[in-house]
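The values are calculated or read from the model by the stated rules, or taken from the named source; none is laboratory data. Quick caveat: nothing in here was measured; it's all calculated off a predicted structure. Because the Cβ atoms are built from the backbone with ideal geometry, glycine has one as well, and the counts that use them run over all protein chains shown.
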């Protein structure tokens, strides 16, 4: 993993099953809390582990506020002591963040947790991260593409499925992730069967 400039080399073992679950958007309050944008409408993955692993943002590190002291070393691991939902965000405090200045230094950091720490999903419920990359076929066995992302529309989620077309650009299909259209999800075989036509 790449190091963030100034990051502390604390030799923390990066989990093999690390999943990116959110991004630190700012400090929250004056006591070292951070505000995190979760990547899922249900942020349970952030609450499932007290060990959050950090990586730098995509792109340059955000500039410090004018007059602010230079940021110190950035921990690769945060040991979370408290976390809770706050509107559309998750706010949290960690042992490594004694004050607002330390929290502000993490702005833009990407947050990862171990997939093994996720709560067990209920029957017929799936984590988004487990669906991305799965092959989607219809009832006739025709390939519809692979899941590249999911959209949360409120009432239900929608699979974004991308297929390569010979001699042309990739096409995208939006398939509602509801039982009316999804016949089965086989995580072991990495395959979804959908009641969906090639011309939809």
| query | For residues in region 37-51 being at pLDDT 85 or above and under 12 Å from the mean Cα position of the chain (by Cα), which is surrounded by the fewest Cβ atoms within 10 Å (Cβ to Cβ)? | reply | 37
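I'd like to check something: does region 52-61 contain any residue that is in contact with a helix residue (DSSP H, G or I) (Cβ under 9 Å, 6 or more places away or on another chain), modelled with pLDDT under 90 and either part of a loop (DSSP other than H, G, I, E, B) or within 20 Å of residue 79 (Cβ to Cβ) (or both)? Steps first, please.
Residues of region 52-61 in contact with a helix residue (DSSP H, G or I) (Cβ under 9 Å, 6 or more places away or on another chain): 52.
With modelled with pLDDT under 90 added as a condition, the list becomes none.
Checked region 52-61: no residue is in contact with a helix residue (DSSP H, G or I) (Cβ under 9 Å, 6 or more places away or on another chain), modelled with pLDDT under 90 and either part of a loop (DSSP other than H, G, I, E, B) or within 20 Å of residue 79 (Cβ to Cβ) (or both).
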